[in-house]
Amino acid sequence: MTEPVPLTDDERAIYQWQLWIPEFGEAGQERLKGASVLVSRVGGLGGLVAYQLAAAGVGKLILAHGGNVRPSDLNRQLLMTHDGLGKSRVESARRRLLELNPRLTVETLAENVAESNVEQLVRAADIIVDCAPLFEERYLMNREAVRQRKPLVDCAMYDLEIHLTTILPGRTPCLSCLYPEKPAAWKREFPVLGAVAGTAACLGATEAIKLIAGFGQPLAGRMLIGDLRDMSFRTIKLNRREDCRVCGGVREK
């Protein structure tokens with residue numbers, strides 16, 4: 001999926017512990033270094049996805065998120081700080097990510113995903129991690145991921161519940177298979193605990209790393225559902241809809 005990029009001696013030292021992971025090793029790290037990942041929104045969910053990918057050694061992050069930092073962001077958006085209040089979210093995110101990993105390339109767009117930018121954003125990435133709070137944005141990402149045959153990790157949380165699945169166009173159900181219409185109960189603002197958003201984010205980042213490095217078993221055709229009120233987790237099988245308006249008739253290359 002991505003062209004491996006050789007590691008420097010400094011990078012081997014930084015990533016030493018994860019290079020010991022069976023089936024990952026230096027080859028997996030080189031694929032991470034060569035990869036570009038689009039993260040839609042860098043709030044409580046997407047911000048920590050981006051942070052974990054930066055820490056893991058992904059070479060390039062593309063971040064799309066409009067607006068400025070607000071006080072209500074600070075309980076969960078770990079890339080945002082008090083001194084960033086009133087300033088651009090993506091620029092705050094960029095600064096914090098480069099403090100963690102100065103080798104990282106960060107491209108930012110101070111806009112939310114929209115019809116006007118989604119094609120270009122998806123085209124610039126090898127893989128998409130969807131963390132948007134609005135279903136309209138999720139549908140746009142899903143449509144473009146299927147059209148351009150790009151893997152998409154879909155992360156969501158509400159209250160103390162998390163949902164996670166991986167969409168491989170032509171092989172697995174897409175988001176429109178699962179939700180032909182926007183769920184009536186879906187709201188822009190909802191109950192959220194930062195630790196729950198962070199849990200979902202770490203799982204989503206792990207899925208992206210597995211896909212890029214080509215090891216482990218991704219959640220392709222499956223959805224992980226976790227309820228952190230009682231720490232219960234289950235995985236359910238998902239089915240494609242042949243009549244899906246987005247992926248119906250699309251087959252794996």
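The numbers here are math on the coordinates, done by the rules we state, and not lab data. Just so you know, these numbers come straight off a predicted model, no measurement behind them. Cβ placement follows ideal geometry from the backbone for every residue including glycine, while neighbour counts extend to all protein chains displayed.
Suppose the Debye formula is applied to equal point scatterers at every Cα of region 182-253; what is log10 I(q)/I(0) at q = 0.13, 0.24, 0.25 Å⁻¹?
-0.60, -1.24, -1.24
For Ile167, what residues show an amide H to amide H distance below 5 Å, using hydrogens built from the backbone and excluding near sequence neighbours?
It is Leu152, Val153, Asp154, by chain and number.
Label the chain by shape, choosing from rounded, prolate and oblate, from the square roots a ≥ b ≥ c of the eigenvalues of the Cα gyration tensor; if a/c is under 1.5 it is rounded, and otherwise prolate applies when a/b is larger than b/c, oblate when it is not.
It is rounded, given that a/c, with a ≥ b ≥ c, falls under 1.5.
Just tell me which lysines come within less than 30 Å, Cα to Cα, of Lys182; anything on the same chain fewer than 8 places away is out.
Output for Lys182: Lys150, Lys210, Lys237, Lys253.
What list of ³J(HN,Hα) values in whole Hz, one per residue of region 70-81 in order, does the Karplus curve 6.51 cos²θ - 1.76 cosθ + 1.60 (θ = phi - 60°) give from phi, with Gly and Pro shown as x?
These are the phi-based 3J(HN,Hα) values: 10, x, 5, 7, 6, 7, 8, 8, 6, 8, 9, 9 Hz.
Taking only DSSP H segments of four or more residues, each worth -39500 (n - 2.57), what value at 222 nm results for the chain once the sum is divided by all its residues, to the nearest 500 deg cm²/dmol?
The helix contribution divided over the chain gives -10000 deg cm²/dmol.
With both partners inside the chain, how many of the DSSP beta bridges are antiparallel, as a percent to the nearest 5?
50
Specify the residue with the greatest mean-square fluctuation among Ala125, Ala201, Ala13, computed from a Gaussian network of the chain linking alpha-carbon atoms under 10 Å apart.
Greatest mean-square fluctuation among the candidates belongs to Ala13.
For region 11-84, what mean projected area does the convex hull of the alpha carbons give, in nm²?
Computing the convex hull of the Cα atoms and averaging its projections yields 5.8 nm².
Could you tell me the distance between the Cα centroids of region 114-151 and region 36-59, to the nearest Å?
So the separation of the two Cα centres works out to 15 Å.
State to the nearest 20 debye the size of the charge dipole of the chain about its Cα centre, where the only charges are +1 on K and R beta carbons and -1 on D and E beta carbons.
440
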